[in-house]
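Just below is one structure, and these are the notes that go with it.
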Amino acid sequence: MSPTRSPDGSPPPAQPANSPADEPAPGDGGAPPRPRAAEAGAPDSAGSTDQAGRTDPAGSTDSAGQVGQVGQADPVRQAEQADPAGQTDPVRQADPAGQADPTGQTDPAGSQDPGGRADQIGRADDDARVDAERATRDLAAQFEDEKPGRVLSGPAGLLLTAAALAVGGLALWQVFRPLAQGSKYYLIFFLAGVLPLVFLVYPADLRLAARLRARLRRTRGVDRPVGPGLPHPAPARPTAVDWALVALAVAGCLYPVLPISIGTGGGGYNAFLDRQGLLVPMDLVMGTLLLLLLLEACRRATGWILPAVCLLFLGYGYYGGLLPQAWPVAHAGLDFSQLIDAFYNSDSGFYGTPLDVAASYIVLFTIYGAVLELSGAGRFFVELSAAAFRRSRTAAGRTAVASGFLLGTVSGSGAATTVSIGAVTWPLLRRAGYPPERAGGMLAAAGVGAILSPPTLGAAAFIIAEYLGVSYLQVLGWATVPTVLYYLGILLAVEIDARRSGVRPVVIDVSSPWRLLARFGYHFASLIAIVVLLAVGVSATRAVVLATILALALSFLDRAHRLTPPRLATALVTGVRGVLAVTAVCAAAGIITATTTKTGLGPQAAALLIGGAEAVTSDPTLVLVLTALLAAVALSLLGLAVPVTASFVIGWVIVGPALLDLGVAAPAAAMFVFYFAVLSEVSPPTALAAVAAAAVTGGRLVPTMWQTLRYALPAYLTPIAFVITPAGLGLLGIGGARRIAFAGVVVALSVAVLAVAAGGWLPGVGPAGAPERVLGALAGVTLLWLEPVPVAVGAALAAVAVAGVLVRRGAAGRAGGPRAGSPANLREEKL
């Protein structure tokens with residue numbers, strides 16, 4: 001989900017941290033939270049200098065010694081430098097919802113500044129901070145699966161607003177008054193409303209050499225779009241070619257319902273369906289046109305890789321008949337008219353399940369997320385996270401992780417969530433003494449949890465529900481235990497780092513969590529409502545619409561964030577804009593699914609995958625394990641090149657059948673593919689979430705990626721556990737209370753042991769040496785095999801590892817060295 005934007009596509013104006021809009025509303029009982037170092041002698045005076053020789057008005061020493069590799073600006077530090085009084089609010093300064101009214105209307109409730117602090121800050125300082133916050137939002141867009149789009153104004157902006165409102169209204173209408181002609185009829189109109197907007201919002205960007213140079217500079221850390229006053233990367237106005245593509249998109253999408261005859265084509269929706277398998281020349285022309293438009297839309301929105309993959313499948317369908325028939329992947333061959341018919345006039349092509357999911361579910365959830373953000377939920381979640389851990393030793397790290405989890409309830413993008421929590425919590429992490437690379441790894445891992453965390457999982461989760469014919473509530477249930485285990489691993493890594501690296505305690509000046517809950521706890525109501533409505537049998541589409549209405553009504557409890565009609569229109573437009581790239585990807589994914597269905601590629605690829613495992617061993621159990629490992633590698637590599645949604649669709653039609661043929665339950669196979677598709681956002685060498693985190697913290701890119709892998713380790717291993725043994729279904733909440741408890745406890749122990757092995761520290765005891773870490777790693781992997789004997793062996797190895805750490809601590813004490821965990825023994829790990 002992209003950051004909130006205004007109806008014309010531009011980011012909403014952001015208020016300075018100490019502006020009147022940032023003042024707490026009467027009765028909210030919360031002072032702006034500010035961190036301060038708690039240890040004696042910590043540098044905390046205004047105007048202290050960091051190791052790079054730059055003045056840090058926030059009063060802390062930057063442990064990185066620099067903002068970036070080549071001195072690029074840090075958007076958070078820019079905001080701090082713009083505050084000479086040192087009063088920057090690290091939690092409120094990046095309000096995801098945008099404290100200002102994004103419609104441009106003045107909010108009388110927030111127009112008063114009783115403290116008068118805004119008068120102490122000059123106009124230049126205000127502009128600098130606004131630029132920094134806008135740069136943070138643009139930075140989030142740079143590292144999402146989709147590219148950043150244009151900021152439209154004038155007639156193009158009005159057209160975008162009108163079309164987006166129409167699409168949003170149609171999606172809401174379809175929930176309660178479905179079109180009588182069926183879902184495919186609705187999908188035709190939905191695509192006709194969305195596809196033209198892709199060409200308006202996303203520029204052609206065909207300057208390949210310039211784009212390659214810019215990407216190379218970004219990879220090296222030289223070109224990060226985070227400085228104040230930087231122009232938006234995309235041209236502001238659509239070109240003549242863009243307008244021509246808009247017109248062609250409207251024609252190509254609406255042709256199937258065109259009521260007039262054009263030669264032997266046209267004639268209305270029923271006539272078009274009657275020609276299935278017997279397309280006339282005009283049908284072929286319009287189908288080919290729509291095919292090319294979808295490929296171009298995907299290229300504009302996501303890059304060259306997905307269109308290239310679609311063309312590869314298209315070429316396989318057309319030329320596959322020329323392959324030697326002895327090859328397993330050979331088929332009889334399809335002519336071009338058969339392919340267009342499969343794409344354009346069947347239920348598995350452009351208008352297949354992926355597009356149905358985008359038009360029926362994803363657009364409604366993005367609208368809900370936009371409403372929740374504009375109502376102030378994002379700000380409340382961050383403040384609540386800070387308040388919950390404000391006095392603990394690991395307050396900074398825990399706040400970052402909790403913020404990622406809570407913001408994940410309103411966001412479906414790992415990279416965007418990473419930037420949002422990074423802009424807010426990086427000042428806390430820096431003051432606590434976290435190196436930029438380790439802080440970036442933590443932020444990236446917490447941000448990716450947004451796609452894994454109920455109740456708003458990523459887009460692929462809705463496709464799982466449709467493919468398996470189950471309710472979305474069941475998918476949420478399957479994701480619950482793995483989500484808990486994922487965040488357990490991150491929190492354990494945070495605790496270990498705090499003790500191993502000498503992290504300083506940071507006290508956050510914020511009101512108590514109970515006061516925040518009493519004042520703003522209503523933001524949880526709509527999230528709870530979704531789960532309750534699903535539990536009582538309400539469809540997912542109706543549940544999210546009713547939850548949106550509830551969030552809209554509750555927004556009037558906060559005068560600064562009430563959703564007046566202009567702001568509600570902004571939420572609708574933001575939701576539709578957020579689904580543009582996803583819709584293009586889902587429609588193009590129909591090329592892959594239709595080709596796979598027509599050629600029988602799925603079973604053939606599954607046989608190849610299983611055959612590769614059987615070439616190594618004939619033992620059925622080991623064949624399953626090797627197949628799962630090969631599938632995990634294949635999915636991880638696939639996810640490096642294409643967005644998560646497309647990665648899942650391709651993985652399901654290629655890898656899914658192999659797992660199913662080996663006896664893996666359908667829920668376990670689907671969630672296995674889902675998790676490894678999502679993990680592409682933290683997998684080197686692309687690792688979009690890690691790249692985004694490094695851009696925020698100014699850390700080195702490759703070390704940040706490795707730190708992200710360490711924090712996200714449980715997410716890589718847990719999916720293996722629920723496919724290699726039947727007991728692993730307990731991790732998905734399947735099989736009764738005893739199986740669920742057994743699987744959950746054992747895998748939680750595995751996660752804990754692996755965290756100790758990766759971090760080199762046993763909380764409450766002290767450092768772990770190389771032998772203990774090796775034993776811990778072996779124990780953690782063995783415990784993933786959820787059978788009695790492997791579990792007993794893994795537990796024994798874990799006990800030996802713990803005993804080794806205890807012996808090491810005792811030996812250090814007898815030798816007269818510093819006691820493990822004492823300040824003299826705490827150091828910062830060299831990356």
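With viscosity set to 0.692 mPa s at 37 °C, what whole-number translational diffusion coefficient in µm²/s follows for the range 503-589 from Stokes-Einstein and a Kirkwood radius over Cα pairs? Intermediate values should be presented prior to the final figure.
Values: Rh = 15.9 Å.
Estimated diffusion coefficient is 206 µm²/s.
Counting only protein heavy atoms and using a 1.4 Å probe, the accessible area of Arg809 comes to about 80 Å².
Accessible area per residue was computed with a 1.4 Å probe on protein heavy atoms; Asp341 scores about 20 Å². Between Leu334 and Gly320, Gly321, the built amide H atoms are under 5 Å apart, and every one of these is 5 or more places off in sequence or on another chain. Residues of the range 542-577 with an amide N closer than 18 Å to a point placed 7 Å from the Cα of Arg177 along the Cα-to-Cβ direction: 542, 545-546.
Shown here for the range 522-603: trypsin sites (Lys or Arg not before Pro) in loop regions (DSSP other than H, G, I, E, B) with at most 14 other Cβ atoms within 10 Å, namely Arg559. On the beta carbon distance between Asp509 and Thr621, with R0 = 51 Å, the FRET formula returns roughly 0.35.
Would you tally the net charge around Ala400, using a Cβ to Cβ cut-off of less than 12 Å, leaving Ala400 out, and scoring K and R as +1, D and E as -1?
Numbers: positive: Arg398, Arg430, Arg438; negative: Asp497.
Here the count lands on +2.
The accessible area of Val807, taken with all protein chains in place and a 1.4 Å probe, comes to roughly 100 Å².
Give me the extension gain from Val470 to Ala741: residue separation times 0.36 nm, minus the current Cα-Cα distance, reported in nm with one decimal.
Values: separation 271, 0.36 × 271 = 97.56 nm, distance 2.36 nm.
Difference between extended and current length: 95.2 nm.
Taking R0 as 51 Å, what FRET efficiency do you get between Ala162 and Ala332 from their Cβ-Cβ distance, rounded to the nearest 0.05? Write down the numbers at each step before the final one.
Numbers: r = 48 Å, r/R0 = 0.94.
Computed FRET efficiency for Ala162 and Ala332 comes out at 0.60.
Compare Arg390, Arg150 by solvent-accessible area with a 1.4 Å probe and give them largest first, with all protein chains kept in place.
Sorted descending by solvent-accessible area, the residues read Arg390, Arg150.
Using a 1.4 angstrom probe on the protein heavy atoms only, could you order Arg773, Arg430 from most to least accessible area?
Largest accessible area first, the list is Arg773, Arg430.
Split the accessible area of the range 650-754 by element, probe 1.4 Å, and carbon with sulfur accounts for 74%. Count Lys and Arg as plus one, Asp and Glu as minus one, and take only other residues whose Cβ is under 14 Å from that of Gly769; the net charge is then +3. Compared with the direct C-alpha span, the chain from Tyr319 to Asp274 gains 13.4 nm at full extension, assuming 0.36 nm per residue.
If you rank Phe405, Phe722 by how much accessible surface each has, with a 1.4 Å probe, what is the order from largest down? Can you show the working numbers first?
Values: Phe405 75, Phe722 5 Å².
Heavy-atom accessible area, descending, gives Phe405, Phe722.
The values are calculated or read from the model by the stated rules, or taken from the named source; none is laboratory data. Just so it is clear, the structure is predicted and the values come from calculations on it, not from any experiment. Neighbour counts are summed over all protein chains in view; Cβ atoms, including those assigned to glycine, are modelled from backbone coordinates with ideal geometry. What goes into the accessible areas is simple: the full protein's heavy atoms, side chains included, and nothing from ligands, DNA or RNA. Shrake-Rupley method; radii C 1.70, N 1.55, O 1.52, S 1.80 Å.
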